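S.K.: One structure is given below, represented as structure tokens, and several questions about it will come after.
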Amino acid sequence: MISPPAGARIWIAAGVTDLRRGFTGLSAAVQTVLEQDPFAGHVFVFRGRRGDLVKLLWWDGDGLCLFAKRLERGRFVWPQAESGTVSLTRAQLSMLLEGIDWRRPARTWKPEMAV
């Protein structure tokens, strides 16, 4: 994936979105529903009803970019809220796009002694 600038925030649109929408429809949803500026350089993530498809909308400074990912097996982990936004870190976005539960990542190893 093309990486957004360091200052860009990543926003998940809670609930489901009609993913038949393209650039215009999703940027309108960012403005009206999420009350954000789609041209601010932030990444906005939308999920469809079935949960196996997400679309990311991002302004890279030259134009809007629209990325889509569909999981062949499983569903994307999504917040339980029906409306609003959730902010993610880059690491959480990476886990989300891999189909991993980004809400509670488990450490596989914990050090026993420092010395």
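The values are calculated or read from the model by the stated rules, or taken from the named source; none is laboratory data. Source: prediction; values computed, not measured. FYI the Cβ positions are ideal-geometry reconstructions off the backbone, even for glycines, and counts take in every protein chain you see. Heads up: the accessible areas ignore ligands, DNA and RNA and are worked out on the full protein's heavy atoms, side chains in. Shrake-Rupley method; radii C 1.70, N 1.55, O 1.52, S 1.80 Å.
S.K.: For the range 28-44, state whether one or more residues are under 20 Å from residue 75 (Cα atoms) and surrounded by 15 or more Cβ atoms within 10 Å (Cβ to Cβ).
M.R.: The answer is yes, given that some residue of the range 28-44 is under 20 Å from residue 75 (Cα atoms) and surrounded by 15 or more Cβ atoms within 10 Å (Cβ to Cβ).
S.K.: Go through the range 1-15 and count every residue that is open to solvent by 70 Å² or more (accessible area, probe 1.4 Å) and either at pLDDT below 90 or over 16 Å from the mean Cα position of the chain (by Cα) (or both).
M.R.: Total meeting the criteria: 5.
S.K.: Restricting attention to the range 69-108, report how many residues are without any contact (Cβ under 8 Å) to a residue 40 or more places away in the chain and part of a strand (DSSP E or B).
M.R.: 2
S.K.: Can you go through 22, 48 and tell me which one is in contact with a strand residue (DSSP E or B) (Cβ under 7 Å, 6 or more places away or on another chain), open to solvent by less than 50 Å² (accessible area, probe 1.4 Å) and farther than 15 Å from residue 93 by Cβ?
M.R.: After ruling out the rest, the residue left standing is 22.
S.K.: Here is a check on your reading of the model: is residue 57 in contact with a helix residue (DSSP H, G or I) (Cβ under 7 Å, 6 or more places away or on another chain) and open to solvent by less than 70 Å² (accessible area, probe 1.4 Å)?
M.R.: It is true that residue 57 is in contact with a helix residue (DSSP H, G or I) (Cβ under 7 Å, 6 or more places away or on another chain) and open to solvent by less than 70 Å² (accessible area, probe 1.4 Å).
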